[in-house]
Amino acid sequence: MTEHAPVELEEDLYCIGCGAKIQTTDPVKPGYTPMSALKKGLETNELYCQRCFRLRHYNEIVPVGLTDDDFLRLLSQIRDADALIVYVMDIFDFNGSLIPGLHRFVGNNPILLVGNKEDILPSSIRRSKLKDWLRQRANEAGIKPVDVALVSAKTNQSVDSLLKQIDKYRKGRDVYIVGVTNVGKSTLINQIIRQNTGRKDLITTSRFPGTTLDRIEIPLDDDHVLVDTPGIIHAEQMAHYLNGNDLKIVSPQKQIKPKVYQLNEAQTLFFGGVARFDYLSGEKHGFTVYVENNLYVHRTKLENAEHLYETQLGQLLTPPSSEADIADFPPLVRHEFKTTRKSDLVIEGLGWITLPADVTVAGWAPKGVDVILRNSMI
């Protein structure tokens, strides 16, 4: 028998990393597992598909044929459930964490809003104010959470408090955990599993978008389940345009150290080669930048910016760093704003710059990545 010959499995088996149904037939479809790996997984009781195995051991992403319609079909099951919806968002990338039309998926089910990656934000930000800010932004998006929780799944910070809130609001029902890709949802669920069972890193986690392919059910202690749903993929996320090493430089790994840049009008800041900020008009001001600490920020005159980017992308201005990534990197698109109050210019997936009132600026991001102006978080 060849490795890829069809094999009839006696029972349905599912990858414990991403939830996909195991199959040994088609290497490009979800759940593919070579027969040798299937046998080993059954022996050890830790059955991973080939994609999750490579993610766990080599941080290597393997594309699969799953469409946006597949994700929406899986999420639509939530509407008919009687459950608490735990909506996980990335505090650092709130707008990039929004699920468009979430109300259509949750029906009348209550929503507990969870702001993840709290450890990344400076400790000077009052947590009570941050919760209020998250609730206000959620309300603007049509989401009315019953409560707001702040956690750091990566460091296990406040996960025990979240579990108490989940128990309080679920009232004996199932729990559905939803979120877009890259918000740390699977990491959070791994922490929950570890606290309940002692097992570590059961679900596949990665910096890459879209690692959970189907719903994963985790038993609770009263015959109900906690369901990990697939992450909705936002095509606009910065993560889609960078490789794993470059993504490390763009995605904050530790608590951000804000940097203040005193700028005159007609000055530009480059954030590696992935984004750009132009100060177009206004008095001399300090602009506070919140991005990953290791991302190189380069200041220049606005009149030199175009030439600098053309000649230094991949050299002085990185990431992107490899020739292949530079060739595939989308052009930067300009978004102009004039402030009337203290505001944040947000480049989704990268960070933000806090602006004073009465200035005109432009933010540049890869084509498809949103740049927005919001009320200042701080």
Task: 12 Å beta-carbon shell around Val106, net charge (K/R +1, D/E -1) - done: +1
Open item on the list: Could you compute Rg(Cα) / (2.2 N^0.38 Å) for segment 91-150, with N its residue count?
Closed with: 1.14
Open item on the list: I need the phi-derived Karplus couplings for segment 38-50: 6.51 cos²θ - 1.76 cosθ + 1.60, θ = phi - 60°, integer Hz, Gly and Pro marked x.
Closed with: 4, 4, 5, x, 5, 5, 8, 6, 9, 9, 10, 6, 4
TODO: Convert each backbone phi in segment 307-318 into a coupling constant with the Karplus relation 6.51 cos²θ - 1.76 cosθ + 1.60 (shift: θ = phi - 60°), then list the ³J(HN,Hα) values in order as whole Hz, x for Gly and Pro.
DONE: 5, 4, 5, 5, 9, 10, 4, x, 10, 5, 9, 9
- [ ] Would you mind checking which residues have amide H under 5 Å from Leu226's amide H? H placed 1.01 Å from N; only 5 or more apart, or other chain.
- [x] Val175, Ile218, Leu220
Task: Arg334 paired with Arg104, simple spin-label distance in nm, labels 7 Å along Cα-to-beta-carbon - done: 3.5 nm
Task: Under 17 Å from the Cα of Lys254 - lysines, other chains or at least 8 residues apart - done: Lys117, Lys154
Task: Range of Cα positions in segment 249-375 per principal axis (Å), largest first - done: 41, 34, 25
Task: Distant-in-sequence amide H partners of Val180 (H built 1.01 Å from N, under 5 Å) - done: Ile232
Open item on the list: Given the options Asn293, Thr268, Gln312, identify the residue whose Cα lies farthest towards the positive end of the charge dipole of segment 249-375 (+1 on Cβ of Lys, Arg; -1 on Cβ of Asp, Glu).
Closed with: Asn293
- [ ] Search the structure for amide H atoms under 5 Å from the amide H of Ala149, placed 1.01 Å from N in the peptide plane, and list their residues when 5 or more places away or on another chain.
- [x] Leu113, Val114, Gly115
Task: For segment 365-378, 3J(HN,Hα) per residue [Karplus equation, 6.51 cos²θ - 1.76 cosθ + 1.60, θ = phi - 60°, Hz, x = Gly/Pro] - done: 9, x, 3, x, 8, 6, 10, 9, 10, 9, 4, 4, 6, 10
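We did not get these values from a lab; they are worked out from the coordinates using the rules stated. Note that the structure is predicted; figures quoted are calculated from it, not measured. Reconstructed Cβ throughout: ideal geometry from the backbone, glycine too, with neighbour counts over all protein chains shown.
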